[in-house]
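Submitted below is the structure of interest, expressed as structure tokens.
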Amino acid sequence: MGTNSVASSSRAFNFKVVLLGEGGTGKTSLVLRFVEDKFNERHITTLQASFLQKKINVGGRRIQLAIWDTAGQERFHALGPIYYRDANGAILVYDITDKDSFQKVKNWVKELKKMLGNDICLSIAGNKTDIDRQRTVTPEEAEHYAALVGATNFFTSAKNNVNIEELFLDLSERMVAASEGEDPQPSTGSRRNVVVVDQENRISELNQRSWGLDSTIERKPELLF
Amino acid sequence: MKLLSSFRSFDSISSPISGGFAKFEEKKKQQTDRKSKSFRYVFRKSPTPSPSKSPELSARHNTSLNDVTSSTPAPSSPSTPSFRPKGDAEFEQLRYEFNAFLQNFSIQIRKDVTFKVKSCEAELKKQSDEGVRIDDVTDFLQDFYTNFKKKVDFLPFYQSMSQEDKESLMNFIEKYLTISLYKELFSPISTASEDEIKDLTLQNRIRQLNWINCQHLDIILNEREKQVRDLIYGAINSIIEMDSVKAPQDKLQCITQCSNNILRALSKSKDAPASADDFLPALIYIVIKANPTRLQSNINYINRCSNANRLMSGEAGYFFTNLCCAVTFIQNNLNAESLNMPEKEFQDYVSGRAVPLGSWEMHFSESLHALQEMTNAVDELEHRSQEFLKNAEHLKQKMKHKQ
């Protein structure tokens, strides 16, 4: 770990973020708004929104986000674990006017927790606040649930560009904190409800993977130069 | 030997589509052949003895490797030995490029790279000859990637290289090792029969599902449009081509190309950026239509031998993950329930007792294409003749005015 902390000041972080959400929740618009800052489909230059990358800066740290969209149809539900293997973060999107899509988010969270425990940073986005009048998922319910599972809750509008940037920045901060082994409890206050239980294992694993500081160096002396 | 090499060169030119059976044949041949092909072939190039081997390097090294490493070739002389079978042209080409690349760097870097990579190559070869489990052999390979990357990133004498050069170097190393040891790493003898069964099982399964069309998977693909159809053909060709290239990154490149063709076809059909909800079903569809050779073995090989960092992040990793998802879905989850059809109907299609409407042949039969082309030609002719008549009329009017 010693070498790691030396390198960490200048290193760039690579994070894998999976995007989960039913069709129609606006998850594609949400990620396109973040990456291209566009909503109207006619202005969007990319052919695809299934895999997108964006470089951002958080607190002087360079971060490369790789955003993995996942197929949200029920028939592909069983494939989830293949997608979110090794993910650092997950964004779960539901439509605030569609209770079923919120239920689906709950199912995914349960599954993510079961498979990855607290190794993954979760953000839940209630999208389409631009049609708040038709809301069926109450803000209290959403916030309560997010707090319960240790996720950060956001109400977003891809259409009006509300809270999208905030959502990604917050997630990035928590992923940096998790991989640096700091206490990811935010200093800014009560907005976030982060529950992180012993991330030590994950951290060393992560660092090994991204920095090649593998413990096998000791195990295989013939490759020590 | 001569006979075998001529067989091999025949295989290498045969199209990957027709090569399904030929590939299995080739594999069998390679297995019987491999004993006669000494490992030292791979290294023998020029008899130039190693100029100066730094003592601490050789001291640390296993003595059994010394006979191999002592004949370090001069990196700049890619003389092609005449005894190499023609099938190794790809490897020769790579070695030439690798050497040319290394010429840009200091002698210290060149020496270190060639020595370490060759030692690793020898060790991998030794392990697979001794029958070490493939997963352990490739763990060793992965450790080598990781450790070497760390070395390149932190050792002072490597810091004259740019970040880009370092990446190229890692790519060359991966290519060199995997192409050189392809026979040992791709479906090795220890698992060959098992792999063959798995590949054939998957291929049969896909053949039974060949009737599946876009409607079944709710895919929006405008197959009536020629451009979309061409992109679909392109995707199918790319995924089939995967079996005929050797390096993991080349295989991943085929998958990426296939995926990009699919995404383009989707966005053309939908007029909006394609999301994963569109992409995965379309990829499943393409895999079913292409029914690529040795698909399972290729996936295993990429999983084991591709630099793990590449699979973790980046576009290629994403597309590869989707391919794994598609194959898993085809194997385990593609059934009457997931297609929302009665069990009996599904079984009828699978057994070939019935054929669904609107099948692939509707858009992909050659005669229908020809018909379409002819219709287009007739339309074009009609358009032109109308133009002509219009112009003639115009001319007539003009002449009248002149008079």
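The values are calculated or read from the model by the stated rules, or taken from the named source; none is laboratory data. The shown structure was predicted, so the numbers you read here are calculated from the model rather than taken from an experiment. Note that we place each Cβ from the backbone using ideal geometry, even for glycine, and neighbour counts take in every protein chain shown. Only protein heavy atoms, including side chains, enter the accessible area calculation; ligands, DNA and RNA are left aside. Shrake-Rupley method; radii C 1.70, N 1.55, O 1.52, S 1.80 Å.
List, in order, the whole-Hz ³J(HN,Hα) value for each residue of the range B:94-108 obtained from phi through the Karplus relation with A = 6.51, B = -1.76, C = 1.60 and θ = phi - 60°; use x for Gly and Pro.
Taking θ as phi minus 60°, the curve returns 4, 5, 4, 5, 4, 5, 4, 4, 5, 4, 6, 10, 5, 4, 5 Hz for the range B:94-108.
While we're looking at this one, here's another question. Which whole number gives the average count of other chain Cβ atoms within 10 Å of the Cβ atoms across peptide B:260-267? Write down the numbers at each step before the final one.
Values: counts 2, 0, 2, 6, 2, 1, 3, 5.
Partner Cβ neighbours, averaged per residue: 3.
Now a separate question. Rounded to the nearest 10 Å², what accessible area does A:ASP95 show when all protein chains are kept and the probe is 1.4 Å?
Using a 1.4 Å probe on the heavy atoms, I get roughly 10 Å².
Then there's this: Whole percent per 5 Å bin, from 0 to the bin with the longest distance: what is P(r) over all C-alpha pairs of the range A:109-186?
Once binned at 5 Å, the Cα pair distances of the range A:109-186 give 3, 14, 22, 23, 20, 11, 6, 1, 0.
To continue, here is another question. What share of all Cα pairs of the range B:110-154, in percent, falls into each consecutive 10 Å distance bin?
Bins of 10 Å from zero give 27, 51, 20, 2 percent of pairs.
Order A:VAL137, A:VAL149 by their accessible area, 1.4 angstrom probe, all chains in place, largest first. The partial results should precede the final answer.
Details: A:VAL137 0, A:VAL149 30 Å².
The most accessible residue leads, giving A:VAL149, A:VAL137.
Another question, then. Using a basic spin-label model with each label point 7 Å from the Cα along Cα→Cβ, how many nm lie between B:ARG353 and B:SER193?
About 3.6 nm separates the two model spin labels.
Please give the FRET efficiency for B:LYS390 paired with B:LYS268, using the beta carbon to beta carbon distance and R0 = 30 Å, rounded to the nearest 0.05.
Values: r = 33 Å, r/R0 = 1.10.
Given R0 = 30 Å and the Cβ-Cβ separation, E is 0.35.
Between chains A and B, what is the buried accessible area in Å², counting both sides, with a 1.4 Å probe and ligands, DNA and RNA left out, to the nearest 100? Let's see the in-between values first.
Working: alone 12060 and 21590 Å², together 29780 Å².
The contact between B and A buries close to 3900 Å².
Now, a different point. Where in the range B:217-292 are there trypsin sites (Lys or Arg not before Pro) that are in a DSSP coil and have at most 15 other Cβ atoms within 10 angstrom of their Cβ?
Working: sites: B:ARG224, B:LYS226, B:ARG229, B:LYS246, B:LYS251, B:ARG264, B:LYS268, B:LYS270, B:LYS289; in loops: B:ARG224, B:LYS246.
Qualifying residues, ordered by number: B:ARG224.
Calculate the spin-label point distance for B:ALA89 paired with A:ASP100, positioning each point 7 Å from the Cα along the beta-carbon direction, and give it in nanometres.
Between A:ASP100 and B:ALA89, the simple spin-label model gives 5.8 nm.
Dividing the alpha-carbon radius of gyration of the range B:117-243 by 2.2 N^0.38 Å (N being the number of residues), what value is obtained? Don't skip to the end; give the middle numbers.
Working: Rg = 21.1 Å, N = 127, 2.2 N^0.38 = 13.9 Å.
Its radius of gyration relative to the 2.2 N^0.38 Å reference: 1.52.
Next question. Shape verdict for the range A:41-185, please, from the Cα gyration tensor: rounded (a/c under 1.5), prolate (a/b greater than b/c) or oblate.
Working: a/c = 1.27, a/b = 1.14, b/c = 1.11.
Note, shape of the range A:41-185 comes out rounded.
Along the Cα→Cβ direction, 7 angstrom out, place labels at B:TYR233 and B:MET399. What is the inter-label distance in nm?
Taking the two extended label points, one gets 4.5 nm.
For A:GLU140 and B:ASN204, what is the calculated FRET efficiency with R₀ set at 56 Å and r taken between the beta-carbons, to the nearest 0.05? Provide the component values of the computation, followed by the final result.
Numbers: r = 54 Å, r/R0 = 0.97.
Efficiency for this residue pair is about 0.55.
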